[in-house]
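Q: Below are the structure tokens for one structure; questions will follow.
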């Protein structure tokens, strides 16, 4: 009589090929052997992962993207997690982060936590935590920052100061007499003195 197991090749010793990843078949009565540890190659870190690690802060929340060839003018943008500028923007921004792409341009006033500039910025910029100017970035205007990173090739010009030095200058500088008056009264006492001396002559 034929053995059913031999008929279907279950115990055929000549058949040594196994499908990869399947455990070896054991004969009845054999102890179960622990599976051999298969060495797994370590994945090489991807360039994108390296860039993600290089960023000191991750900004979460809403994201507004002004795409290439888009012009946004005269806007006031607030409560935006991240503004990504790939086109042209003329606006006032109070938000968490701004990213200006290499072909992007922003002009206006910005109060932000983190600014990453690959393109052009012109105006007033207050980066409370960090300002990063990449190799292709150009920043001009009144710039205040908590920390600054400028890659080789990046350009920063204008009235540029750290927030720490700005606060020290405000505390240590005494107020000039004309600065304590209302703006519309500044210079009036000088004009009054001039007019009195003109009448006395």
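Q: Using Cα pairs closer than 8 Å and at least 6 residues apart in sequence, work out the relative contact order for region 59-172, in percent. Please list the in-between numbers first.
A: Working: 338 pairs, mean separation 17.3, N = 114.
Over region 59-172, the number comes to 15 percent.
Q: By how many nm would the segment from residue 150 to residue 76 lengthen if fully extended, with 0.36 nm per residue of separation less the alpha-carbon distance? Could you put the intermediate results ahead of the total?
A: Working: separation 74, 0.36 × 74 = 26.64 nm, distance 2.77 nm.
Using 0.36 nm per residue and subtracting the Cα-Cα distance, I get 23.9 nm.
Q: I would also like to ask the following. Between residue 128 and residue 107, what is the spin-label point distance in nm, taking each point 7 Å from the Cα along the Cα→C-beta axis?
A: Label at residue 128, label at residue 107, 2.8 nm between them.
Q: Starting from 0.36 nm per residue, how many nanometres of slack lie between residue 65 and residue 90 once their C-alpha separation is accounted for?
A: Values: separation 25, 0.36 × 25 = 9.00 nm, distance 1.41 nm.
Length gained between residue 65 and residue 90: 7.6 nm.
Q: Sticking with this structure for a sec: D for region 59-172, whole µm²/s, Stokes-Einstein with Kirkwood Rh over alpha-carbon pairs at 10 °C and 1.306 mPa s: what number?
A: Estimated via Stokes-Einstein, D reaches 115 µm²/s.
Laboratory data are not the source of any read-out in this text; all were calculated from the coordinates shown. On a predicted model such as this, the values are computed, not experimentally measured, just so you know. Glycine gets a Cβ as well: all are built from the backbone with ideal geometry, and neighbour counts include every protein chain shown.
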